[in-house]
């Protein structure tokens with residue numbers, strides 16, 4: 001029967017036990033009321049396109065490049081390995097794919113109702129195409145321990161199903177309606193959403209505020225210190241101008257000398273370099289930004305400051321960009337396009353390392369304060 005064409009105006013009752021239907025085709029718009037198969041049946045490259053199949057068990061047959069394109073399958077069971085099987089645009093109702101290994105299968109635009117995918121493996125065929133569920137509509141399906149590694153679910157709709165135990169799922173404009181996912185889902189979008197929105201977003205905002213406020217206050221402090229030093233120089237210049245009007249004498253010389261010695265001569269060279277030909281550089285004279293980064297404290301302090309600054313700026317950027325994507329997902333039920341968040345994934349992985357650097361730095365800053373002794377008179381008196 002290899003390569004033949006099977007057709008009948010009446011519903012077909014096929015006995016294909018120990019039969020080879022390789023390359024055979026069932027006439028479109030045929031109805032198969034029952035199919036009897038066994039482990040010796042061969043359906044390689046068999047075409048069931050635009051066919052209605054009811055109450056069939058394909059679990060004993062290894063399907064390879066078999067086509068169910070645009071067909072309607074009701075109460076059909078599959079098993080074992082399905083290699084490059086084409087279910088494109090098919091309608092599947094109460095289909096059992098438990099424990100199946102789907103390699104490079106095409107389920108694009110398929111409509112599945114009450115399907116069972118428990119423990120199924122939706123993998124790419126080695127050296128071949130990936131399994132795809134793009135534009136599929138999956139309603140009331142079970143995905144317990146289903147592995148979606150390498151499977152595209154771009155623009156698929158999953159409704160009234162359960163993905164809490166699914167693995168390897170990569171959301172890409174996927175619509176989830178009444179479909180819970182695991183609180184610890186490991187797919188990239190779920191990790192970003194969990195890390196930078198909700199309660200974690202509030203924590204990130206507080207942590208970044210705690211980090212950046214000291215920088216702001218230190219900048220204000222040192223800017224004010226700069227103005228105070230400039231004011232002191234202006235006061236000294238004014239005093240010298242007033243002193244110049246007093247007739248010379250012993251007291252005049254002593255006062256002028258006292259004024260000059262009261263301030264380091266390098267101070268004017270640092271704050272008013274245009275008024276002096278003397279250049280004053282580190283460590284005495286530094287711009288405020290270098291002081292904020294701890295340049296005056298050595299290389300380790302600079303590196304640590306830059307790492308912490310990178311960590312907090314990156315966290316701010318990720319929070320800033322993830323939040324609107326999550327908001328859109330909540331309002332439209334659409335997960336964002338993978339391209340919209342793919343660039344954030346390497347940054348998040350870097351953050352997972354830098355967070356430990358931040359914790360260690362916090363401990364290094366707190367440790368000297370935590371070990372300071374404090375005298376408690378009331379406690380001493382009580383003993």
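Can you tell me how segment 1-112 classifies by the Cα gyration tensor, rounded, prolate or oblate, using a/c under 1.5 as the rounded cut? It is rounded, given that a/c, with a ≥ b ≥ c, falls under 1.5.
Going by neighbour counts of Cβ atoms within 10 Å, the residues 12, 103, 347, 21 line up, fewest first, as 347, 12, 103, 21.
For an R0 of 45 angstrom, estimate the FRET efficiency from the Cβ-Cβ distance between residue 55 and residue 332 and round to the nearest 0.05. It comes out at approximately 0.70. Across segment 161-203, C-alpha contacts under 8 Å between residues 6 or more apart give a mean separation that, scaled by the residue count, equals a relative contact order of 38 percent.
By other beta-carbon atoms within 10 Å, ranking 22, 223, 142 with the fewest at the front produces 223, 22, 142. Put in order of Cβ neighbour count within 10 Å, fewest first, the listed residues 154, 39 become 39, 154.
Between segment 9-43 and segment 133-165, the C-alpha centres lie 29 angstrom from each other. If both residues of a DSSP beta bridge must be in segment 44-169, then about 0% of such bridges are antiparallel.
Based on the alpha-carbon gyration tensor of segment 85-144 and its eigenvalue square roots a ≥ b ≥ c, which shape applies: rounded if a/c is under 1.5, prolate if not and a/b is larger than b/c, or oblate? It is oblate, given that a/c is not under 1.5 and a/b is not larger than b/c. With the simple spin-label model, which puts each label point 7 Å out from Cα in the Cβ direction, the residue 164 to residue 93 separation comes to 2.9 nm.
Only the coordinates and a few stated rules stand behind these numbers; no lab work does. Everything quoted here is computed from the prediction, not taken from an experiment. No Cβ is skipped: glycine too gets one built from the backbone with ideal geometry, and neighbour counts run over all protein chains shown.
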